[in-house]
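The values are calculated or read from the model by the stated rules, or taken from the named source; none is laboratory data. Treat the numbers as computed from the prediction; the structure is a model and nothing was measured. Glycine also receives a Cβ, built like all others from the backbone with ideal geometry; neighbour counts cover every protein chain displayed. For accessibility, only protein heavy atoms count, side chains too; no ligands or nucleic acids. Shrake-Rupley method; radii C 1.70, N 1.55, O 1.52, S 1.80 Å.
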Amino acid sequence: MIPGRIFSASPHTLLEGMVLWSPSIRAGLKPSQLLPQQAPSRPLSVGYMNCAKHQELPGKKPLSEKKLKRHFVDRRRVLVRAGNGGSGASCFHSEPRKEFGGPDGGDGGSGGHVILRVDQQVRSLSSVLSLYQGFHGEDGGRKNCSGRGGATLYIRVPVGTLVKEGSETVAELSHPGDEYIAALGGAGGKGNRFFLANDNRAPAMYTPGEPGQERVLLLELKTVAHAGLVGFPNAGKSSLLRAISNAKPTVASYPFTTLNPHIGIVHYADHQQVAVADIPGIVRGAHQNRGLGLSFLRHIERCLFLLFVVDLSLPEPWAQVEDLKYELEKHKEGLSQRPHEIIANKMDLPQARANLPRLQAHLGQEVIALSALTGENLEQLLLRVKVLHDACVEAERGQGRQPLRW
């Protein structure tokens, strides 16, 4: 039975059995029955918000540009193992008043494949692990139930990934969405139902699942871009890329500031996009693995056309062009003969303007003289890049290949 005093405070009742005491009720109590008066409690919503604020897990901070460059990886050795197939089942049908039910063991499920898939959001091989194990298939069951096949395991790789096994190149993933089966899953085993025959009405044999394929692959990234900025250290390649795109490579007054390739996108009025790659500085003897060596010379191989950046403030700037072409030709035959343009940078310096006529006389061709610092004559460069890009796209289509799109 509920006491009547609970119902006497009905105007202040929140829920049945819960009373909100009023000042008149407090006045009717003896002093010994009163507790020390405390400050009014905060509203529940405010307290809950403050509690939730303290309980929120700190979000993962995005990596800075410096850390992103530090984690750039363009070579990775990977061991891939596909999933094993499930074993078949050996059992017989059991049912009341049915003496000879026969075999009903199901087949095992197939193991899952391991597939390399190109993802445009991935920029390097730093997220690729050294070991991948595919999902195994499940074993077969009773009542001719087959086991579930293992799910396919996808490994995300950047555009321009070469897949090598030993010294042989087995795949070239150069377009978004390209896939390559790195390891095939094992086939599932057969249950005893599979072996039912006229001369064997009660087979008890079954086969186990086959093991998945295991391979050791070498993944190698070659930056895919339409144009490649090629030059010696401190020629102004990074400054030029910052001037014509939204890319933010590090710029400083010391050599080898750029240690990893950067790609900037140049936008044109007809919604066309041209990818320009800033290749780290090349030194004399790079084809013999001096300086940054061969690790970045291979990034130039994927560029459709080249932009040779020359420091016009140095004496004899034409020697830079000859040395750059020599290093490219030694690295790969015919690389220096690709469509190219010569860019004379640092026109904002007084000695550069005096060297411009001499450079054109030695090369016997026109060069694009500009200043990446002040933006002088950048329009001519952008127009020339557009012309070279359109010519290379037409050549790719003429050879029956799909041109690179960003």
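Structural remarks
- Residue list for segment 315-338, filter: part of a loop (DSSP other than H, G, I, E, B), in contact (Cβ under 8 Å) with a residue 12 or more places away in the chain and open to solvent by 10 Å² or more (accessible area, probe 1.4 Å): Pro315, Lys332, Arg338
- Note on segment 147-176: among residues that are open to solvent by 80 Å² or more (accessible area, probe 1.4 Å) and in a loop (DSSP other than H, G, I, E, B), the one that is modelled with the highest pLDDT is Arg148.
- Residues that are hydroxyl-bearing (Ser, Thr, Tyr), over 19 Å from His226 (Cβ atoms) and open to solvent by 30 Å² or more (accessible area, probe 1.4 Å) occur at least once in segment 372-390.
- Every pair of residues 6+ apart whose Cβ atoms lie under 7 Å, when the first sits in segment 142-168 and is assigned by the TED database to the domain that holds Phe194 while the second is among the hydrophobic types (A, V, I, L, M, F, W, C) and open to solvent by 40 Å² or more (accessible area, probe 1.4 Å): Gly150/Phe135; Ala151/Phe135; Leu153/Phe135; Val163/Val170; Lys164/Val170; Lys164/Leu218
- Just one residue in the set Ala243, Ala202, Ala235 is surrounded by fewer than 24 Cβ atoms within 10 Å (Cβ to Cβ), outside the structural domain of Gly106 (by the TED database) and in contact with a helix residue (DSSP H, G or I) (Cβ under 9 Å, 6 or more places away or on another chain); that residue is Ala243.
- Residue list for segment 168-200, filter: closer than 30 Å to Val122 by Cα and aliphatic (A, V, I, L, M): Val170, Ala171, Leu173, Ile181, Ala182, Ala183, Leu184
- All positions within segment 349-371 that are open to solvent by 50 Å² or more (accessible area, probe 1.4 Å), part of a helix (DSSP H, G or I) and not basic (Lys, Arg): Pro350, Gln351, Ala354, Pro357, Gln360, Ala361, His362
- Glu394 being among the charged types (D, E, K, R) and surrounded by 14 or more Cβ atoms within 10 Å (Cβ to Cβ): no
- For segment 250-267, the count of residues that are assigned to a loop (DSSP other than H, G, I, E, B) and at pLDDT 80 or above is zero.
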